[in-house]
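The values are calculated or read from the model by the stated rules, or taken from the named source; none is laboratory data. Being a predicted model, the structure only gives us computed values, none of them experimental. All Cβ positions, even for glycine, are placed from backbone atoms using ideal geometry, and neighbour counts span all protein chains on display.
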Amino acid sequence: MNVIRTAISEVVLIEPKVFGDARGFFFESFNRRQFTEAVGRDVDFVQDNHSRSVRGVLRGIHYQIRQPQGKLVRVVQGEVYDVAVDLRKSSPNYGKWVGELLSAENKRMLWVPEGFGHAFLVLSESAEFLYKTTDYYAPDAERCIIWNDPTLAIDWPLERLQGAAVQLSAKDREGRPFLEADVFE
């Protein structure tokens, strides 16, 4: 696999080696030994999640203030713009974000470590999104920062929505501003 460090070095873009021919393709979607080398530590995943969303759905910016979750994310159908936001006050990258296009076609995966907020915007007609987490879902610890926070100034590729509006859940519409959000030390 090809490991690409993003502008925030702890957030890692992973390109698997894909073997394909006229019959189709094969690739390892996860190899613990290689993943440990890529992120520099052993990670224990405890939960796998799968979501399906239509064009314009924006999920996030989500995180858990207790039981923080590291996430290894990928798209198996469609395309999304995936974002990780550093929410660690002690980090030199505090309040900075990185965004990457993930799709069924490019087969890229993004490692979003604990201490980061996570969000994605569906750019294709629909998308199926898979992610492994390092801790269990804890609804009482879940937090949300509003997707269009002016302090974070995430450059969402809204022009790619082909006229569709951004669609948010009730929870995501109630996201807090970054400057008022619970964050990590």
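Key figures for this structure:
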quantity	calculated
Residue match in the stretch 36-54 (condition: within 24 Å of residue 127 (Cα to Cα), under 16 Å from the mean Cα position of the chain (by Cα) and basic (Lys, Arg))	yes
Index of the failed condition, residue 69 passing every other in (1) crowded, with 22+ Cβ neighbours inside 10 Å; (2) assigned to a strand (DSSP E or B)	(2)
Residue selected from the stretch 31-59 under the condition out of contact with any Phe, Trp or Tyr (no Cβ under 8 Å at 6 or more places or on another chain) and part of a strand (DSSP E or B), by the criterion surrounded by the most Cβ atoms within 10 Å (Cβ to Cβ)	57
In the stretch 154-185, the residues that are farther than 12 Å from residue 144 by Cβ, assigned to a strand (DSSP E or B) and of a type outside the set (S, T, N, Q)	184
Any pair with Cβ under 6 angstrom, 6 or more apart, that starts in the stretch 39-50 at a residue that is closer than 17 Å to residue 76 by Cα and ends at one that is part of a strand (DSSP E or B)	48/132; 49/131; 50/130
Residue identified as crowded, with 19+ Cβ neighbours inside 10 Å and assigned to a loop (DSSP other than H, G, I, E, B) among 100, 10, 28, 105	10
Exclusive hit being in contact with a helix residue (DSSP H, G or I) (Cβ under 9 Å, 6 or more places away or on another chain) and not polar (S, T, N, Q), set 139, 113	113
Residue 78 surrounded by 19 or more Cβ atoms within 10 Å (Cβ to Cβ) and either out of contact with any Ser or Thr (no Cβ under 8 Å at 6 or more places or on another chain) or among the hydrophobic types (A, V, I, L, M, F, W, C) (or both)	no
Residue 98 being more than 15 Å from the chain's Cα centre (by Cα), of a type in the set (A, V, I, L, M) and either modelled with pLDDT of 95 or more or farther than 27 Å from residue 170 by Cα (or both)	no
Complete set of residues in the stretch 120-166 that are polar (S, T, N, Q) and on the phi < 0 side of the Ramachandran plot	124, 126, 133, 134, 148, 151
Matching residues in the stretch 127-158 - criterion: being touching a residue at least 12 places away in the same chain (Cβ under 8 Å), loosely packed, with under 15 Cβ neighbours inside 10 Å and aliphatic (A, V, I, L, M)	138
